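A quick write-up on the structure given underneath.
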Amino acid sequence: MIISKGIFGKTSAGETAELYTLDSGTGMKVEVSTLGGVITKILVPDKNGKETDVVLGYDSPVGYEQGTCFLGALIGRHANRIKGGKISLGGREYNLFRNDGNNHLHGGKAGFDRKIWSARVTDGALVLSYISKDGEEGYPGNLIVTVSVSLSEDHTLSFDYTAVCDQDTVCNLTNHSYFNLAGHASGSVTGQYIQIFADYYTPADKESLPTGEIARVEDTPMDLRAPVKIGEHIDDDYYQLKFGGGYDHNWIIDGVPGELRKMAFAYDEGTGISLTGYTTMPGMQFYSGNYLGDAGTGKGGTRYDKRWGFCLESQYYPNSMAIGHFKKPVLRAGDIFRETTSYRFGLI
C-alpha cells in the first residue's frame, strides 16, 4: 500500500483539512480526510476495468460541515441513538446533547464527524487520532481515540478502532459510509443485492429506538439471510419498514462478538462490484438511505436523493445502555476499547 498526502480544503473555521490517498497497488484507491475521518472516495474497478467511485460524498470540507447525513464519517463517542440523551454510569446520570428530536444521535451536535483528526502514516496504515475532552457533548472522561485505516492488495479496507479513557465512559465507534456499488452518481440502490448474516434483529419503535425485543427474521421482510434486492420488500406493509421509510435497523450478527466474522454481502449486477463486510462488533445497522434527499448536492454536482446509498454500520446495539439484556458499550477507566470492521471489494 502506498499513502500520499494532499490538502482537501479549509473548514468554515479556517482549519486545514488534509486528504490522504491509500493506493492498494492493485487497482483500488481510497481517499480519507482528516475532517471527521471521512472516506471521501472509494475507487474500485468494475467488471470492465472501469474505475468506479462507490461512496457518496462532497467535494469540499464545507459540504461535510453543512451536511446532516454523516456521509462517510467516523462516528463517536456513541454511534446511533440514545433515548432521551441520558446514560447512567456508576450511579450518576449524564445528559447528552439531543440532536434527534428528544434523543442523542451519532455523538451529538458536534460529534467526531465534525472534528479535525490528527494523522500519521505508518508502514501499513493511516493512523487517525482524536482526544475527546471530559464533558464534550455531555460524555464523561477524557477519551483518546485511534483509528487505523488500511488497504490491502486484495482490496480490503479495514478500520481498527482503539480507545482509552481516564474515567468510566461509553464508547461505540463506527464508520458511516454510504455505498452505491453502481457508482455514487448512479441513482437508487434498490436494484442492488444485500445479504445480512443474522438470524435475529432488534425491532424498533417509531423513533427508531430498539424496544428490547430480540426477534427472528424468519418469515418477515427483515429476513436478508440470502441475497435479495434491497427494494424487493422495502415498501411492504410491515410496521418496522413503514415508520422509517425503509430499512434502518440493527441486526444481531451471527457468531461470537469479539471475533471477526461476516456481517453482510452486497453486489450490483451492472458493474459486477461486490462488497463483503466483516466485524468484531455485536451488531450492524443496515440503513437504506431513506432520507438521503436531505444530503444536498454531492460530488461533481450530483444531487443525491432517497435511497441512493446504503450503510453497513457495525456497532453495539442502539440504546443498549437503557436495555438490561443488551451488551453494554461501557469502557472502564484504563481499559482498552478494541474493535475491527473491514470491507472487502471484489467482482461477482
Practice task
Name the residue, out of ASP236, ASP268, that is at pLDDT 95 or above, of a type outside the set (Val, Ile, Thr) and loosely packed, with under 15 Cβ neighbours inside 10 Å.
Solution key: ASP236
Practice task
Of the numbered conditions (1) exposed (fewer than 14 other Cβ atoms within 10 Å of the Cβ); (2) within 20 Å of the chain's Cα centre (by Cα), ARG303 fails exactly one; give the number of that condition.
Solution key: (2)
Practice task
Please verify whether segment 96-116 includes one or more residues that are over 17 Å from the mean Cα position of the chain (by Cα) and among the aromatic types (Phe, Trp, Tyr).
Solution key: yes
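In the list SER288, SER274, which residue meets the criterion of being out of contact with any Asp or Glu (no Cβ under 6 Å at 6 or more places or on another chain) and within 15 Å of ASN250 (Cα to Cα)?
Working: SER274 fails: within 15 Å of ASN250 (Cα to Cα).
SER288 is the lone residue from the list that is out of contact with any Asp or Glu (no Cβ under 6 Å at 6 or more places or on another chain) and within 15 Å of ASN250 (Cα to Cα).
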Practice task
Tell me, please, whether a residue that is hydroxyl-bearing (Ser, Thr, Tyr) and either under 15 Å from ASN172 (Cα atoms) or at pLDDT 95 or above (or both) can be found in segment 68-75.
Solution key: no
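When you go through LEU56, LEU35, LEU22, LEU71 one by one, which is the residue that is over 23 Å from ALA125 (Cβ atoms) and buried (at least 21 other Cβ atoms within 10 Å of the Cβ)?
On the way: LEU35 fails: over 23 Å from ALA125 (Cβ atoms); LEU22 fails: over 23 Å from ALA125 (Cβ atoms); LEU71 fails: over 23 Å from ALA125 (Cβ atoms).
The unique qualifying residue is LEU56.
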Handout entry: Subset of segment 238-255 that is part of a loop (DSSP other than H, G, I, E, B) and in contact with a strand residue (DSSP E or B) (Cβ under 9 Å, 6 or more places away or on another chain) - its residue that is nearest to MET284 (Cα to Cα)
Key = ILE253
Problem - Failed item, numbered, when ASP223 is tested on (1) in contact (Cβ under 8 Å) with a residue 24 or more places away in the chain; (2) surrounded by 15 or more Cβ atoms within 10 Å (Cβ to Cβ); (3) over 24 Å from CYS69 (Cα atoms); (4) of a type in the set (D, E, K, R) - result: (1)
Fill in the blank from the handout: How many residues of segment 117-149 are under 20 Å from the mean Cα position of the chain (by Cα), hydroxyl-bearing (Ser, Thr, Tyr) and surrounded by 23 or more Cβ atoms within 10 Å (Cβ to Cβ)? The answer is 1
Practice task
Check off (1) hydrophobic (A, V, I, L, M, F, W, C); (2) touching a helix residue (DSSP H, G or I) at 6+ places or on another chain (Cβ under 9 Å); (3) over 30 Å from ASP160 (Cβ atoms) for LEU209 and give me the number that stays unchecked.
Solution key: (3)
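The values are calculated or read from the model by the stated rules, or taken from the named source; none is laboratory data. Predicted model only: the values in this text are computed from it and were never measured. Cβ coordinates were reconstructed from backbone atoms using ideal geometry, including for glycine residues, and neighbour counts include every protein chain displayed.
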